[in-house]
Amino acid sequence: MFTANDFIPSQYSQTIENGHFQWSVPSNIALVKYWGKKDNQIPANPSVSFTLNNCKTITKLSFDKKQNTGNFSFDLLFEGKPKEDFKPKIQKFFERIEIYLPFLKEYHFTIDTENTFPHSSGIASSASGMAALAMNLMSLEKALNPVMSEDYFYQKASLLARLGSGSACRSVKGQMVVWGNQTNIKGSSDLFGVEFPYAVHENFKNYQDTILLVDKGEKQVSSTVGHDLMHNHPFAERRFAQAHENLDELISIFENGNLEEFIKIVESEALTLHAMMMTSMPYYILMKPNTLEIINTIWKFRNETQIPVCFTLDAGANVHVLYPNKDKEKILQFIKDELVDFCQNGQYLCDEIGNGAIQIK
Ligand code: DP6
């Protein structure tokens, strides 16, 4: 079993004056949801996600050794332009991870970042964004300590990403990633995400995720506040236990490819997440009328056609439509015919299961 202390480095063998790295890291969509956490970004329950392929953050990290090592020093560019409002989040991230990367104050950094998905699409970029920054920082640590193993590199990248945003720790790898201790999943950890280590049925190969953009506005309640409301939540303990049960069931579903059972768990998880929001105090609702229209239309279509299409939700109004690759044509037609009207400006994004972070050289 790892402890966080295993990721605190001792001395580095190399010194480096300046340079840059660049990584492209996808977003991910949880099937069993992370909702509720303890101190230090330790999840209240384990989660599992599909890593995506097209919705990505591309981040270039340039670094220059500096004289004054008293403070963190960095510039942040978003799509080539300085972006001051992102800086406090990065500052906080650096503070949280400094103990794991003691060189941070020795460099001035320029973080140059962009997303492949439209700006303010209501798609959270914190998962891909924090993971992309974490990958770059690990590239720098590897340059300072070239003997580092590949396992350590990815585990620590995921650990750092987690400290930026919990769900980010599941974006480093693909295609399915588990985060959080689960007795029946070997290697699983609260500290970082791990690739789902068991057999996965053909049915899940190239699984599709079409993201319907229902509401692109800023959400009224942030995920951070939402997680916090799980403290003293009347149903919290039962919910955390349920996540363990659902994850256990998914182990055999992934192996046997039973899509009917898969759908039951995935849709129940999505609605439970939102039920937790609606039963928090203060209570709130992030779904919009069109979220429900889409859900009902999917259920009707599934009943009529027996095609195993289902939905999941993250902490917002957008709907992720999940379906096997072999049904792609029919589902895309269904989306165009029956769901696009419920999307803001008719917008949706086509994505599919992917492999995680890629270094750009
Ligand atoms: C509903 O990872 O955004 O998407 O750790 O506070 O940054 P922080 O929260 P975040 O929470 C995501 C919650 C979720 C479910 C999930 O991705 O598992």
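The values are calculated or read from the model by the stated rules, or taken from the named source; none is laboratory data. Computed from a prediction, not measured in an experiment: that's the story for all the values here. Reconstructed Cβ throughout: ideal geometry from the backbone, glycine too, with neighbour counts over all protein chains shown. Heads up: the accessible areas ignore ligands, DNA and RNA and are worked out on the full protein's heavy atoms, side chains in. Shrake-Rupley method; radii C 1.70, N 1.55, O 1.52, S 1.80 Å.
General observations
- Spatial offset of the range 118-193 relative to the range 80-94 amounts to 19 Å, using the alpha carbon center of each.
- A simple rule links phi to the HN-Hα coupling: the Karplus curve 6.51 cos²θ - 1.76 cosθ + 1.60 with θ = phi - 60°, which for the range 63-76 gives 9, 9, 4, 10, 6, 7, 10, x, 9, 6, 9, 7, 10, 10 Hz, with x for Gly and Pro.
- Cα gyration tensor category, rounded, prolate or oblate, for the range 205-352 with a/c compared to 1.5: oblate
- Take every Cα pair under 8 Å whose residues are at least 6 apart in sequence, average their separation, divide by the length of the range 205-352, and the relative contact order is 46 percent.
- On a per residue basis, the range 205-352 carries 48 Å² of accessible surface, using protein heavy atoms and a 1.4 Å probe.
- Charge dipole of the chain (Cα centre as origin; +1 on each Lys and Arg Cβ, -1 on each Asp and Glu Cβ, all else neutral): 580 debye, rounded to the nearest 20.
- Three-way shape call for the range 250-309 based on the alpha-carbon gyration tensor, with the a/c threshold at 1.5: oblate
- For Ala357, distant residues with modelled amide H under 5 Å away: Lys173
- Length gained on full extension, Val340 to Phe235: 34.3 nm, using 0.36 nm per residue less the C-alpha separation.
- 3J(HN,Hα) couplings calculated from phi for the range 219-229 with the Karplus curve 6.51 cos²θ - 1.76 cosθ + 1.60 (θ = phi - 60°) are, in sequence order, 6, 6, 10, 6, 4, 4, 5, x, 4, 4, 6 Hz; Gly and Pro show x.
- Listed residues Asn206, Asn318, Asn53, most fluctuating in the chain (Gaussian network, C-alpha, under 10 Å): Asn206
- Spin-label pair Lys92/His20, simplified geometry with 7 Å Cα→Cβ offset, distance in nm: 2.9
- Solvent-accessible area, 1.4 Å probe, carbon plus sulfur percent, for the chain: 48
- Solvent-accessible area per residue for the range 22-160 (1.4 angstrom probe, square angstrom): 38
- GNM result for the chain, Cα springs below 10 Å: residue of Arg239, Arg162, Arg96 fluctuating most strongly: Arg96
- Annotation for the range 192-281: GluC sites (Glu not before Pro) lying in DSSP loop with at most 15 further Cβ atoms inside 10 Å of their Cβ are Glu218.
- Segments 83-91, 105-113, 339-347 sorted - mean Cβ within 10 Å per residue, highest first: 105-113, 339-347, 83-91
- Per-residue HN-Hα couplings for the range 98-108 [Karplus 6.51, -1.76, 1.60; θ = phi - 60°; Hz; x = Gly/Pro]: 4, 4, 8, 10, x, 8, 4, 7, 7, 10, 9
- To the nearest ten degrees, helix 259-278 and the longest principal axis of the Cα atoms of the chain are 70 degrees apart.
- Compared with the dominant Cα axis of the chain, that is its longest principal axis, helix 289-305 is turned about 60°.
- For the pair Val221 and Met148 in one chain, pulling the backbone fully straight at 0.36 nm per residue adds 22.2 nm over the alpha carbon distance.
- The range 27-69 and the range 287-345: distance between their alpha carbon centers, rounded to Å: 27
- Highest-MSF residue in the chain out of Lys65, Lys38, Lys81 [GNM, Cα springs under 10 Å]: Lys81
- Relative to the longest principal axis of the Cα atoms of the chain, helix 126-144 runs at roughly 30 degrees.
- The chain, relative contact order in percent, only Cα pairs under 8 angstrom and at least six apart counted: 24
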